[in-house]
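Before any comments, here is the structure.
Quick note: the coordinates plus some simple rules give every number you see, no bench work behind them. Source: prediction; values computed, not measured. Glycine gets a Cβ as well: all are built from the backbone with ideal geometry, and neighbour counts include every protein chain shown.
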Amino acid sequence: MEWTSLLFEEISILLQEAGQPSFRAKQLTEWLYQKAILDPTKMTNFSASLKDLLQSLGTFSLLEPVKVQESDDLETWKFLWKLQDGSLLESVLICSEKRRTVCVSSQVGCPARCAFCASGKLGLKRNLTTGEIVEQVLRIENFLHEKGESVNHIVYMGMGEPLENFDAVVKSLRILTDPKLFGLSQRHITLSTVGVIEGIRKLSLESFKINLALSLHAPNQNIRKKIIPYARKYDFNELMDAVDEYREITKRDITYEYTLISGINDGVEHAEELGKLLQFKHCTVNLIPYNPVAGLKLEKPDRGNISAFRDVLDEYEIAHTCRYTKGDDIAAACGQLALQETVC
Ligand code: SAH
């Protein structure tokens, strides 16, 4: 059993069954989630026998820190962890003004194998457990506490396809948003998906309302199929409808992510088509210039193309941002996680 995979009620029941008083659950979850302490020997108000009992009931730490890399601009930190089965995993902390955003991984590797992304190059190794997802946030929270800061945004944009690990991801969302546990606002969490229709529908029926980002990357199915193998599995219009339904049910605006790749999807004709597609939706397009991945024969778009693309979106009055990848000196860009270490 993993302590960080449990909801508050599950922790309460477990402790009661072990003969503990009812206030124990609150004490323990304060250590885990408010103080971000995962080592029971540091839980100073617990007796030695209680620490032993807690350790005998379950595992506290699932991630062993291997390396922390800092970008030159001191805004991005990449954390490399080793899991108990030896798999390597990464998370990224992005600091921008008051935002402290943790980008969490949901799987080791990725089944989606998008043409421009490093995570899928080796395919899927395994799903992460809820605790392995939650602990990424807690360890970075602990790192920030030392500077007097706290995590205030989480994005599920690291390695893996979160909707292909639905149950563990949803439980991690419950833990991270429960005010009795990590207590982060639902509005400060974004889940990014390659477009798993049944997962989007299921997520819209959950009781929480987090932001959804769809990795669209193309204005039509033909181009999408060329760069996203998953597009072969799902009809383009049905996917767009599923995302519209998500917006209607949750009342959250949607972000469409669009990795611009030279000669593939970065022309003004593509921008026009995208403009028509998204014109009347309340949404933001997040343009991400392709960040080169070793071994892939794709190219970055020119600055001129990016700005022409943005002008067309302006004409269609579509809100857009352009994310020049942060932390590329440490290869901390989304989709570039863990590959270097995994291959070596
Ligand atoms: N599987 C999910 C979550 C992974 S995050 C998804 O597909 O959304 C993936 C995001 O990382 C994508 O939206 C893509 O924009 C970005 N990405 C991956 N590789 C990239 C690269 N080489 N350059 C720029 N962006 C990349």
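Assorted remarks:
- A dipole drawn for the chain from +1 and -1 charges on Cβ atoms has a positive end, and of Ile318, Leu6, Ile175 the residue lying farthest that way is Leu6.
- Theoretical gain in end-to-end length, Lys233 to Phe23 [0.36 nm per residue, Cα-Cα removed]: 70.6 nm
- Each Lys and Arg contributes +1 and each Asp and Glu -1, all at the Cβ; summed about the Cα centre of the range 3-57, the dipole is approximately 220 debye.
- Among beta bridges from DSSP that stay inside the chain, the antiparallel ones total about 45%.
- In a reduced charge model with +1 at each Lys and Arg Cβ and -1 at each Asp and Glu Cβ, the range 181-275 shows a dipole moment near 400 debye about its Cα centre.
- Helix 268-278 and the longest principal axis of the C-alpha atoms of the chain enclose an angle of approximately 60°.
- Of Cys117, Cys95, Cys103, the one that fluctuates the most in a GNM where the chain has Cα springs shorter than 10 Å: Cys95
- 0 to 90° range, to nearest 10: angle between helix 130-145 axis and the chain longest Cα axis: 80
- D_trans [Stokes-Einstein, Kirkwood Rh over alpha-carbon pairs] for the chain, 10 °C, 1.306 mPa s, µm² s⁻¹: 76
- Folded to 0 to 90 degrees: helix 236-250 orientation relative to the chain principal axis, Cα: 50
- Spacing of the two label points (7 Å from each Cα toward its C-beta) at Val66 and Asp302, in nm: 4.0
- Think of the range 203-310 as a dipole: +1 on every Lys or Arg Cβ, -1 on every Asp or Glu Cβ, centred on the Cα centre; then among Tyr290, Leu214, Tyr246, Tyr290 lies furthest on the positive end.
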